[in-house]
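K.L.:
Here it is: the structure, laid out below.
The values are calculated or read from the model by the stated rules, or taken from the named source; none is laboratory data. Here the structure is a predicted model, which is why all the values come from computation and not from measurement. Cβ placement follows ideal geometry from the backbone for every residue including glycine, while neighbour counts extend to all protein chains displayed.
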Amino acid sequence: MKIRLRGNSIRYRLDKLDVSLLEEAGKVESITHIGTGALHFVLRSRDITDPVIRLEHDGVHLLLPAERLQSWYAPDQVGFELILPNADGSELKVLVEKDFQCLTSRDEDDRNAFDNPQAGQNC
């Protein structure tokens, strides 16, 4: 899972293994070790009607409605956006997307990324 933080937004990009874990086990996480601690980003599928995000002592936990995820698992679905209210009145924008293979070569392993729909096209 790739996570990008920018301002009041979080972007989650899940590869094939991540999506499979979320669909089958109901949970996918990414852990980054920093010094003696670890930072966790966790996505969970739950039988809830509205998404919930929580900042806990060790990381960010996003709970997503299982029913909404069912349609996202379909091969033709790329991602979805959430706008979640913060306690201070501001909003947090959350994007959950499937991670596509890069069109240009990078020093990055994207073997488990989804096939890029633009591959083979003139971009």
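K.L.:
From the set of residues in region 36-69 that are in a loop (DSSP other than H, G, I, E, B) and modelled with pLDDT under 95, which is nearest to Ser20 (Cα to Cα)?
P.N.:
Here is the first cut: in region 36-69, the ones in a loop (DSSP other than H, G, I, E, B) are 36, 47-51, 57-58.
Narrowing further to those that are modelled with pLDDT under 95: 36, 57-58.
On the way: Thr36: 30, His57: 27, Asp58: 24 Å.
By that ranking, first place goes to Asp58.
K.L.:
Cβ-Cβ below 9 Å, separation at least six or inter-chain, first residue in region 83-112 and outside any loop (DSSP other than H, G, I, E, B) and surrounded by fewer than 14 Cβ atoms within 10 Å (Cβ to Cβ), second among the basic types (Lys, Arg) and at pLDDT 95 or above: which pairs?
P.N.:
Ile83/Lys93
K.L.:
In addition: Can you find even one residue in region 27-34 that is β-branched (Val, Ile, Thr) and closer than 13 Å to Val96 by Cα?
P.N.:
Yes; the residues of region 27-34 include at least one that is β-branched (Val, Ile, Thr) and closer than 13 Å to Val96 by Cα.
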